[in-house]
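Presented below is the structure to which this report refers.
The values are calculated or read from the model by the stated rules, or taken from the named source; none is laboratory data. If you're wondering where the values come from, they're calculated on a predicted model, not measured in any experiment. Ideal geometry is used to build each Cβ from the backbone, glycine not excepted, and the neighbour counts take in all protein chains shown.
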Amino acid sequence: MIFLCAVVIGIAVGYMLGGRLSRLVFLRLRGMWLVLVALGIQFLIFPLFTPNPIIPFGTAVLHGVSYGLVLLWLLLNVRARPLIAVGGGALLNILVVALNGGYMPASPAAFERAGLISVARLLARGETYGNLVGMSAATRLNVLGDWIGIPRGVPFATAMSVGDVLILIGLVWLLAKGMNTNA
C-alpha cells in the first residue's frame with residue numbers, strides 16, 4: 001500500500017515539474033511481467049489485511065523467488081538510473097529477509113505509532129503477520145527491518161525499512177523523470 005503513495009507522489013512531482021503522464025510510455029521498461037508474477041507470489045504468501053497465507057508452505061523459498069524475479073527485472077532495466085535506488089533498497093530488504101528465514105523483522109512500537117495496534121500486539125507476542133516477524137534478540141539485522149513508523153493519520157500509515165525508503169525514493173524519481181522525458 002505504501003508503494004501506491006510513491007506512485008501518487010511521483011506523478012504529483014512529475015506534474016509539478018511540468019511533465020505529462022503520457023510520457024511514461026517512453027520509459028520502455030522491459031519485462032514488466034516479472035514484477036507482476038513477483039507481486040502475485042507475494043500476495044499468495046502474504047495476502048493483504050490478514051495474517052493467513054493463501055499458500056501456507058514454502059514461504060522462504062517463494063519469497064526468495066519473488067525477490068529474484070524483481071532483481072532480474074531490475075537488471076533488465078539497469079539503464080533507468082532511478083531503478084538503482086530501487087535495486088539498492090531491494091537488496092537491503094533481501095538481505096534482512098534472507099537472514100530471518102523469509103520474514104522481515106518489524107518493530108511492534110513502530111506499528112503502534114502507525115495506529116496498527118492489532119499488528120503490533122501480534123508481533124510483540126512473537127507471532128508473524130504476513131511477511132513480518134517481531135523484532136527481538138533472535139532476529140538479525142534489525143536496523144534494516146521495519147522500524148520507521150509512519151504516524152497514525154498519515155495516509156497508508158505503517159512501518160517501513162530503510163530498504164523501503166530507498167525503493168520509494170527510486171519509484172518517485174522514476175515516475176517524475178519519466179513524465180519529463182521524451183526518450
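Considering only residues in segment 47-61 that are within 22 Å of VAL119 (Cβ to Cβ), free of Cβ contacts under 8 Å to residues at least 24 places away in the same chain and of a type in the set (A, V, I, L, M, F, W, C), the one that is surrounded by the fewest Cβ atoms within 10 Å (Cβ to Cβ) turns out to be PHE49. Applying the set (1) farther than 21 Å from ALA157 by Cα; (2) crowded, with 18+ Cβ neighbours inside 10 Å; (3) at pLDDT 90 or above to MET104 leaves exactly one unmet item: (1). If we keep just the residues of segment 47-57 that are at pLDDT below 80 and in contact with a helix residue (DSSP H, G or I) (Cβ under 8 Å, 6 or more places away or on another chain), which is nearest to PHE156 (Cα to Cα)? Going through the qualifying residues, I end up with PRO51. Tell me, yes or no, whether segment 147-158 has at least one residue that is in contact with a Pro (Cβ under 9 Å, 6 or more places away or on another chain), buried (at least 20 other Cβ atoms within 10 Å of the Cβ) and either within 30 Å of ARG79 (Cβ to Cβ) or of a type in the set (A, V, I, L, M, F, W, C) (or both). There is no residue in segment 147-158 that is in contact with a Pro (Cβ under 9 Å, 6 or more places away or on another chain), buried (at least 20 other Cβ atoms within 10 Å of the Cβ) and either within 30 Å of ARG79 (Cβ to Cβ) or of a type in the set (A, V, I, L, M, F, W, C) (or both). Listed by position, the helices (runs of 4 or more DSSP H) enclosed by segment 82-148 that each have at least 2 residues that are closer than 17 Å to VAL162 by Cβ and of a type outside the set (S, T, N, Q) are 82-99, 108-113. Residues that are out of contact with any helix residue (DSSP H, G or I) (no Cβ under 7 Å at 6 or more places or on another chain), modelled with pLDDT under 95 and within 23 Å of VAL7 (Cβ to Cβ) do occur in segment 116-128, at least one of them.
The sole residue among ASN77, ASN93, ASN52 that is of a type outside the set (Asp, Glu) and touching a strand residue (DSSP E or B) at 6+ places or on another chain (Cβ under 8 Å) is ASN93.
Of the candidates GLY40, GLY18, the single residue that is surrounded by fewer than 13 Cβ atoms within 10 Å (Cβ to Cβ) and either outside any helix (DSSP H, G or I) or on the phi > 0 side of the Ramachandran plot (or both) is GLY18. Within segment 1-14, at least one residue is closer than 30 Å to GLY130 by Cα, in contact with a strand residue (DSSP E or B) (Cβ under 8 Å, 6 or more places away or on another chain) and part of a helix (DSSP H, G or I).
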